[in-house]
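Notes follow the structure.
The values are calculated or read from the model by the stated rules, or taken from the named source; none is laboratory data. Here the structure is a predicted model, which is why all the values come from computation and not from measurement. Cβ atoms come from the backbone with ideal geometry, glycine included; neighbour counts cover every protein chain shown.
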Amino acid sequence: MIFEKLNEYEHEQVMFVQDKSVGLRAIIAVHNTVRGPALGGTRFFDYASEEDALFDVLRLSRGMTLKNAAAGLNLGGGKAVIIGDSKKLKSREFLNSYGRFIDSLGGKYYTAEDVNISSQDVAHMNETTKYVVGTPEVSGDPGPFTARGVYMGMKAGAKEKFGTDSLAGKTIAIQGIGSVGGRLCKYLAEEGAKLIISDVNSAALQKVENATVVSPEEIVFSECDIFAPCAMGAVLNVNNVGNLKCKLIAGAANNVLLDIETGDKLTQMGILYLPDYIVNAGGVINCGMEVSAGHYDVNAVNAKVDEIYQTTQKIISLAKEKNIGTHRAADEYAYAQIN
Ligand SMILES: NC(=O)c1ccc[n+]([C@@H]2O[C@H](COP(=O)([O-])OP(=O)(O)OC[C@H]3O[C@@H](n4cnc5c(N)ncnc54)[C@H](O)[C@@H]3O)[C@@H](O)[C@H]2O)c1
């Protein structure tokens, strides 16, 4: 069953690791290294089953190949998942042990932060391997760069949909006012957009001034020009997109569309969807610079993040040229960069 999956997803290498002394069980998936060493974060999650963990790491690592390639980084795609309750298991020894396994890949895979893995955790891995990026001392928190990229992509989308890339006066609904959503609101407010916001954590809403607050149930279907999903994935599916009242979708959340058919339906409805991995690549551009350039330069990072504007335009043009949805055009574009 495993090789069948590897065949389907086209992985180069998948490594199952354990260290009983600290309770570590992890799967490290190197999907593709054609453009360079694989880069993707490590997710620490209490999966319901080993199959779920394997499915997640295979899907996410392939996604990193596409994201890194489309962003023009000389990096391949990989991802790792650690199985278990991070609150109970995580310790310095645990992360040191995990780092040794990353090290054994000899630089074929670089890891970084992800769900339940912070910059500080990455620093602990860094005590036993140099193949990590995103420690607090170097590129650090990716959120602000992701927000900048989403903002640039959104402007490119607005140019297509509204004829101008100015977001002044546009009504924008932001779901999730976390690390990315909070910064995104700042960019949008500075440009004079009208904001509608929602978060399940009411404290997060305090970060944004002069915004209309709606409930988590209402935000997705708010009357707005642009919907920015910045909370979690699979927010949109074929059954609920009919209720959308936006004209453009651009956000940070990964896998916003439940499936490809949802993207097809959005295309039919004339709602412009900016593919998640195109517009949310700012974070990986930030830490990827550590690997691809060999050193970290924040000005170079910002310049590269701003290119998300042009990449978004390319995806929109390709979709028009081929008469397909932008979700399909993004995959075609990304695969063309690795073949
Ligand atoms: N941080 C990055 O650099 C980065 C990069 C790429 C993709 N992403 C993705 O973007 C999304 C946001 O990332 P983040 O770093 O800002 O995460 P975060 O955890 O800092 O913020 C997420 C926010 O969403 C809120 N939220 C959760 N469920 C919600 C719901 N149903 N309705 C409204 N709000 C809800 C949370 O309370 C939290 O404030 C995630 O899906 C993440 O995987 C983040």
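If I ask for residues that are hydrophobic (A, V, I, L, M, F, W, C), closer than 23 Å to residue 141 by Cα and part of a loop (DSSP other than H, G, I, E, B), which ones from region 167-209 would you list?
Answer for region 167-209, where residues must be hydrophobic (A, V, I, L, M, F, W, C), closer than 23 Å to residue 141 by Cα and part of a loop (DSSP other than H, G, I, E, B): 177, 200, 208.
If the Cβ limit is 6 Å and pairs must be 6+ apart or interchain, which residue in region 123-143 that is in a strand (DSSP E or B) pairs with which residue that is at pLDDT 90 or above and of a type in the set (D, E, K, R)?
Between residues of region 123-143 that are in a strand (DSSP E or B) and residues that are at pLDDT 90 or above and of a type in the set (D, E, K, R), there is no close pair.
Given the criterion modelled with pLDDT of 95 or more and either within 18 Å of the chain's Cα centre (by Cα) or crowded, with 23+ Cβ neighbours inside 10 Å (or both), identify the matching residue among 140, 134, 157.
157
Quick one: how many residues across region 236-260 are more than 8 Å from the ligand (Cβ to nearest atom) and surrounded by 15 or more Cβ atoms within 10 Å (Cβ to Cβ)?
Summing the residues that are more than 8 Å from the ligand (Cβ to nearest atom) and surrounded by 15 or more Cβ atoms within 10 Å (Cβ to Cβ) in region 236-260 gives 13.
So which residues in region 265-293 are modelled with pLDDT under 95 and of a type in the set (Asp, Glu)?
Passing the criteria: only 290.
Restricting to region 290-310, what's the tally of residues that are in contact (Cβ under 8 Å) with a residue 60 or more places away in the chain, surrounded by fewer than 24 Cβ atoms within 10 Å (Cβ to Cβ) and part of a helix (DSSP H, G or I)?
9
Go through 198, 166, 222 for me and flag whichever is surrounded by fewer than 22 Cβ atoms within 10 Å (Cβ to Cβ) and within 15 Å of the ligand (Cβ to nearest atom). Step through it out loud before you land on a result.
Details: 198 fails: surrounded by fewer than 22 Cβ atoms within 10 Å (Cβ to Cβ); 166 fails: within 15 Å of the ligand (Cβ to nearest atom).
Sole residue among the options that is surrounded by fewer than 22 Cβ atoms within 10 Å (Cβ to Cβ) and within 15 Å of the ligand (Cβ to nearest atom): 222.
Condition first: within 30 Å of residue 287 (Cβ to Cβ) and assigned to a loop (DSSP other than H, G, I, E, B). Can you find one or more residues in region 221-229 that meet it? Explain how you work it out, then say what you get.
The initial filter retains those residues of region 221-229 that are within 30 Å of residue 287 (Cβ to Cβ), namely 226-229.
Okay, now just the ones that are also assigned to a loop (DSSP other than H, G, I, E, B), so none.
No, that holds for no residue.
Kindly check whether there is at least one residue in region 113-121 that is within 30 Å of residue 209 (Cβ to Cβ), surrounded by fewer than 22 Cβ atoms within 10 Å (Cβ to Cβ) and touching a residue at least 60 places away in the same chain (Cβ under 8 Å).
Yes; the residues of region 113-121 include at least one that is within 30 Å of residue 209 (Cβ to Cβ), surrounded by fewer than 22 Cβ atoms within 10 Å (Cβ to Cβ) and touching a residue at least 60 places away in the same chain (Cβ under 8 Å).
Just to be sure, is residue 203 more than 11 Å from the ligand (Cβ to nearest atom) and aliphatic (A, V, I, L, M)? Walk me through it before giving the result.
Details: more than 11 Å from the ligand (Cβ to nearest atom): no; aliphatic (A, V, I, L, M): yes.
So residue 203 does not fit the description; no.
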